[in-house]
Every structure is written in structure tokens, then in C-alpha cells.
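Each value in this text was obtained by applying a stated rule to the coordinates, not by laboratory testing. In this text, all values refer to a predicted model and were calculated from it rather than measured experimentally. With ideal geometry, Cβ positions are generated from the backbone for all residues, glycine too; neighbour counts draw on all protein chains shown.
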Amino acid sequence: MGDRVLVIGSGGREHAIALGLKESKGVSELHIAPGNAGTSMVGENHEIDISNIDEVIKLARDLEVNLVIVGPEGPLVNGLSDELNKVGILCFGPHSKGAMLEGSKEYANEVMMNLDIPTAASVKIEDIEQIEELIDDFGPIWVIKRDVLAGGKGVTVTGNKDEAIKAISEGIKLDGFVLLEEFLEGEEASMLVVMDESGFVCLPASQDHKRVGEGDLGPNTGGMGAYAPAPIVTDSVKNKVIDRIIVPMHDWLSSQNTLYRGCLYVGLMINQHGDPYVVEFNVRFGDPETQVTIPLISSDLYELFLATSEGRLAEIEVEFHNRHVLTVVLASEGYPAKSMTGRIISGLENKVENCIIHHAGTKSDGLGNLLSNGGRVLAITGVSNSLYGASVISYKFIQKIGLEGSHYRKDIGYKSL
Ligand code: AMP
Ligand code: GLY
């Protein structure tokens, strides 16, 4: 008899986690809340409001689950992990104090400054009057960040001074302040680090594509595609990331009396000398990074989650496949500004070999149709012995999918291909 597991969330990340857990011998029942049409094919979906902690706790208790795995940041920042802990249910995902690393960029900057972790210099602007005196110290190019959970969309990066001033003024009006940051040059990569107080495991680095358009143009999105492993993270870069960023963060987090048992997502900028800087911390797995990372883990996924949530990660060995994974996100018409949803998705029966269909914003209409139900609808994931092979698989299949007005980037992986 295996364990009962509840996964919180409804995106491609949660579908990828659910598919990984399905292969674990230790799992007998898989529940997802609220889930999507894809997760309903792997386990049982539960239509609850995951921003309501009481509802989640009630569901976890009613189902008598052994472990809750939290996908998105919102519930973690709101204290879901703290409350599960209080009622004696194991949780993969940090305590609310740890989650502030993502919940507040200002806080994360302060932590990094205290620990001497390389990141961009930044200044807080609360008053429109300050703009004139500071703007030329930071650009061009200007990076303006709203200090809110905005799904990667609260950041403006621009070479246009008027646009920068507008973003600062609007941010101050909305939130009372913004952060103006030094522009970091280089290539980005995402490092997902599973950790608890006993140790940490770096999963293979990946590269996301945050801008909506080809050639990294247009507005920021939650992520339009990803691939792993990312060759920009060579062994030498990885060692610098571990020495300069992960070890100090792990030491510090482990010294706190709150638990950090989950994933620390380190968003990196790697400059031309191979020196890594932190662009952001997230306190959860990335989306779509998870879709390209989980297929690389050859060890039992449930054992990894369970050991971490019990604080005994150091006791287990985590192994990886020697292969390449690439995912392309199919987005709704209008994404990221305003997404058109409720449209029929067709062609999924044409799936090609070594391709995983990760559902994100999908739902079933109960009449046998699959409908779009969000900005990012599907992530089409190819698995191969080479990055090129993985890309051929994803693109071969995505072309066969029908969804009126949908769009996807044609250049995922271009920096490495
Ligand atoms: P964030 O939500 O902080 O990850 O920012 C979203 C995206 O904006 C990042 O993935 C980067 O592409 C870009 N970005 C954020 N901060 C900087 C920075 N200081 N320098 C250059 N690009 C940045
Ligand atoms: N793909 C970026 C994120 O998950 O934050």
C-alpha cells in the first residue's frame, strides 16, 4: 500500500509533477487541486479555491494524504506550508518566511546583500520627484520591477527613457513604490535546487524564454518554452553558482528556525566571463522549466519529494538521465495581455513518439471536447538524445494542434542549437 499525495496547482508544471509521481512505486493515490484536463487523466482533480488555506487543509485532511506538494507561489506566500505543518501534514514547499524570497524582491535583495550574493544593484523609488535624479545612474537599459507577485509580468526592461519613466510612475501609483535595478548583461538560466536543512540537490539547469516573441522580443510572459540541460551552465559555471549563491543561501536558510523544505528556483544571469548573478529567487519549481526537468530525473520522484519534506534529503541519491528535453508553449490568442479562452483544442490524437503533452490551461467541457482555459494552454515537450532531436519532436507535433488564434515561439532553444 503506497501513499496518498495531493498536488496543488493547475498548470503545466503540476501536470509534469503528476506524471512524474505516477511512475513512483510509493504513490498509491494521486490527487490534484484544482488541476486541469491533463491531470485528470493521471489522478483525481478537486475543484477547490487554492488561495483559501482552510479549503486546502480540509481537502488534505479529508483525503488523509501523506504529502502535499505545492506548485505555485501564492499559497506558499500565504502560509499554506505553515498551516499544514501545524496540523501534522508533510509539505513540499517552504514556510511563509522562506517564501518571502519570492513574495518580496526588496526582501530578497536585502538577504542577498547581507550574504554578499552577486545580484544587480537596486534602488527603491517611492516618489516621482526621485526619478529625475536616479534615472541616468541606472540606464540605458532600465529595469523596473514592481514588488508584487505578477507571474513574471511585473518587470519592465527597456532602452527607452520615456517608457522607463512611465513604468516607474505607473508602478508608484499602483503599489506606492518600484525597484529600479542595474541592467545585467549576459545569458539567463534557471537552476532548480531541491533543498531542506540536511542538504541540497541541483537539478539540471534549464533555459526559459520569457519574452512572448521570437528573438526575445515583446512583453515578458510566464515563459514561452524551455530546454534542459542548458549548455551555458558548464561545470565551471555550476561550481560558481554553488559556491557563491547556493551554499550561502542554504547555510542561511538552514540557520533559520522556519523550515525551507522545497525548491529554491535561482534565476541566473551569466555574464561573458561565466560569472553568475541572481536575477530573482522563486520558492517553487518553474513553469515551463519543470516540464523539461522532471523527464531528466531518473530516480524515484516521490522519494525525492518525501525525503525533502521530512528533512532527510542528504540521505538519498538523486540520479539523472543523459538526454535532452525541450518544450514549446502553445498560448491563447492575446496572451500575455488578455487571453481568449473557451476555444476547442484539436489534433492531440496525432501525438508523435517521445513527445509529452503537458496540459496547462485546459479543461474538458464534459461533452468530449478539450477547451482552452488560460493564457498558456499546452506545453509540447520533446525528449531525445540531442537538443536538436527534442526540438524536432516538439515542433513536428505542435504544428498539428488546432486552436483558433493560438501562437507559439518558433525559436525555442535557438541560443544552443
Ligand atoms: P524577474 O521576474 O525578476 O525574473 O524578471 C523577469 C525577466 O526580466 C527576467 O527573466 C529577465 O529576463 C529580465 N530581468 C529582470 N531583472 C533584470 C536585470 N537586473 N537585468 C537584466 N534583465 C533583467
Ligand atoms: N518560468 C519562470 C517561472 O516559473 O517563474
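Taking every alpha-carbon pair under 8 Å whose residues sit at least 6 apart, the range 246-356 reaches a relative contact order of 18 percent. When the P(r) is computed for the range 20-81, the part past 15 Å accounts for 52% of the Cα-Cα pairs. In order along the range 242-249, phi translates into HN-Hα couplings of 5, 5, 8, 10, 6, 4, x, 5 Hz, rounded to whole numbers, per the Karplus curve 6.51 cos²θ - 1.76 cosθ + 1.60 with θ = phi - 60° and x for Gly and Pro. Of Cys91, Cys263, Cys355, the residue with the greatest mean-square motion in the GNM of the chain, using alpha carbon springs below 10 Å, is Cys355. As a length-normalised measure over Cα pairs under 8 Å and 6 or more apart, the relative contact order of the chain settles at 16 percent. Panel order for His31, His321, by other beta carbons found within 10 Å of each beta carbon, from fewest to most: His321, His31. Distance from the C-alpha centroid of the range 113-143 to that of the range 304-379: 36 Å, rounded to the whole angstrom.
Highest mean packing first, where packing is the average number of other Cβ atoms within 10 Å per residue, the peptides 116-129, 392-405 line up as 392-405, 116-129. Our compactness index for the range 310-417, the C-alpha radius of gyration over the empirical 2.2 N^0.38 Å, is 1.25.
Gyration tensor over the Cα atoms of the range 131-220: the corresponding equivalent ellipsoid has semi-axes (square roots of 5 times the eigenvalues, largest first) of 29, 17, 13 Å. Take the alpha carbon gyration tensor of the chain, find the square roots of its eigenvalues, order them as a ≥ b ≥ c, and report rounded if a/c is under 1.5; if not, report prolate when a/b exceeds b/c, else oblate. Taking the square roots of the gyration eigenvalues as a ≥ b ≥ c, the chain is rounded. Histogrammed with a bin width of 10 Å, the alpha carbon distances of the range 169-239 distribute as 16, 32, 33, 17, 2 percent, first bin at zero. The calculated FRET efficiency for Lys338 paired with Ile128, based on their beta-carbon distance and R0 = 45 Å, is about 0.95. Each label point was placed 7 Å from the Cα along the Cα-to-Cβ direction; for Asn239 and Lys351 their separation is 4.2 nm. Peptide packing for 212-225, 93-106 was compared via the average number of neighbouring C-beta atoms within 10 Å per residue; ordered from the highest value, the list is 93-106, 212-225. In units of the rule-of-thumb radius 2.2 N^0.38 Å, the range 7-155 shows an alpha carbon radius of gyration of 1.32. Judged by the ratio a/c of the largest to the smallest principal axis of the C-alpha gyration tensor, the range 228-309 counts as oblate, that ratio being 1.5 or greater while a/b is no larger than b/c.
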